[in-house]
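Structure record follows, encoded as structure tokens.
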Amino acid sequence: MSDRPILILGGTAEASRLASQLIARNYRVISSLAGRTRNPAKLEGEVRIGGFGGARGLIAYIASQDVSLLIDATHPFAMQISDNAILAAASTGILFVRLDRPAWHPKPGDKWSIVSSLEEAVSAIPPRARVLLALGRQHIAPFSRRGDVHFVVRMIDPPEVPLDLVDFELELSRPGKTEDEVAFLTGKRITHIICRNSGGSASYTKIKAARDLGVPIIMIDRPARREAHVLPDVESVLAFVDEAISLP
Ligand code: NAP
């Protein structure tokens with residue numbers, strides 16, 4: 001095993017799978033989490049938690065740990081850490097790759113309105129709708145101006161501060177299988193879903209359930225990103241690492 005670690009900026013299912021598979025191949029791995037989730041799923045290998053203190057902090061961390069390769073496997077909407085990763089890779093000259101799972105694309109039967117911001121999503125909700133908000137707690141505030149709408153807010157952890165919405169109920173759970181999502185949407189009489197185009201399979205079941213039920217989705221599109229070396233899945237990143245780092 002090489003002593004020089006690979007640093008994975010994580011917080012996604014793909015990052016966790018990548019860490020396990022790199023360790024199985026005898027690489028030393030440090031996974032970095034922002035620390036947003038109270039009880040994150042157990043990760044294999046070394047784990048550090050909390051911000052680095054901007055791009056400068058990340059650069060200092062890379063130097064202090066003698067990191068050999070940086071992998072940005074953060075969520076498609078986590079923009080700041082990805083920008084910091086690009087800056088840090090350029091500044092330190094270490095190998096760098098981003099794992100970016102492909103976006104979802106509408107299929108026959110899907111009823112999507114594609115918007116480019118939270119604010120546009122707020123305006124796109126018809127009056128008196130019953131909306132599933134499948135968004136992180138830091139993205140809820142803009143919806144407070146829609147007092148005419150009933151929101152079902154689904155989150156993993158309870159919010160630390162009360163939600164600033166007029167008419168809402170809180171659902172503390174993770175997305176389930178498609179049939180569970182169908183039952184959930186039906187039981188809550190959801191007329192619209194608002195979510196972000198995160199890609200991946202874990203939260204795709206609600207999209208399938210909406211298709212089955214004919215429920216419209218207001219889909220927030222991905223933000224534009226800086227140029228970087230991007231690979232779409234864990235397998236292609238593993239192949240890249242194997243080629244980039246020669247094991248003894
Ligand atoms: P962000 O806006 O891009 O990052 C904000 C700050 O959080 C960064 O500048 C950095 O602080 C710190 N940070 C973010 N990811 C980090 C990581 N993996 N390790 C160490 N520090 C990190 O990110 P975000 O949208 O708040 O997301 C935070 C984390 O949650 C990410 O790791 C992401 O993969 C995960 N996540 C996000 C979403 C989402 O919807 N955005 C969904 C699922 C999971 P410093 O500048 O101090 O280093």
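The values are calculated or read from the model by the stated rules, or taken from the named source; none is laboratory data. Owing to the predicted nature of the structure, the values given are computational and were not obtained by experimental measurement. Reconstructed Cβ throughout: ideal geometry from the backbone, glycine too, with neighbour counts over all protein chains shown.
Brief remarks on what is shown
- Among the residues of segment 89-131, those that are under 30 Å from I62 (Cβ atoms) and over 19 Å from the mean Cα position of the chain (by Cα) comprise A89, A90, S91, T92, G93, I94, L95, F96.
- Spans of strands (runs of 3 or more DSSP E) in segment 91-161 with at least 2 residues farther than 18 Å from K188 by Cβ and in contact with a Leu (Cβ under 9 Å, 6 or more places away or on another chain): 95-99
- The single condition among (1) touching a residue at least 60 places away in the same chain (Cβ under 8 Å); (2) away from the ligand (no atom under 16 Å from the Cβ) that G176 does not satisfy is (1).
- Test for L69: is it within 16 Å of the ligand (Cβ to nearest atom), modelled with pLDDT of 95 or more and over 19 Å from the mean Cα position of the chain (by Cα): yes
- Number of the condition not met by M219 [criteria: (1) out of contact with any Ser or Thr (no Cβ under 9 Å at 6 or more places or on another chain); (2) of a type outside the set (S, T, N, Q); (3) touching a residue at least 24 places away in the same chain (Cβ under 8 Å)]: (1)
- For A90, the conditions (1) surrounded by 14 or more Cβ atoms within 10 Å (Cβ to Cβ); (2) aliphatic (A, V, I, L, M); (3) without any contact (Cβ under 8 Å) to a residue 60 or more places away in the chain all hold with the exception of (1).
For (1) under 24 Å from D83 (Cα atoms); (2) part of a strand (DSSP E or B), each residue gets a yes or a no:
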site: D180; (1), (2): no, no
site: L185; (1), (2): no, no
site: G199; (1), (2): yes, no
site: S203; (1), (2): no, no
site: D212; (1), (2): no, no
site: M219; (1), (2): yes, yes
site: P223; (1), (2): yes, no
site: A228; (1), (2): yes, no
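- If only residues of segment 1-29 that are within 12 Å of the ligand (Cβ to nearest atom) and part of a loop (DSSP other than H, G, I, E, B) are counted, the one that is farthest from the chain's Cα centre (by Cα) is G10.
- Only one of the listed residues (V182, V152) is of a type outside the set (G, A, S), crowded, with 16+ Cβ neighbours inside 10 Å and under 27 Å from P40 (Cβ atoms). That residue is V152.
- Criterion violated by G50 - all others in (1) in contact with a strand residue (DSSP E or B) (Cβ under 7 Å, 6 or more places away or on another chain); (2) within 13 Å of the ligand (Cβ to nearest atom); (3) over 25 Å from A239 (Cα atoms) satisfied: (1)
- Subset tally (residues that are near the ligand (Cβ under 7 Å from one of its atoms), assigned to a helix (DSSP H, G or I) and not hydroxyl-bearing (S, T, Y)) for segment 72-89: 4
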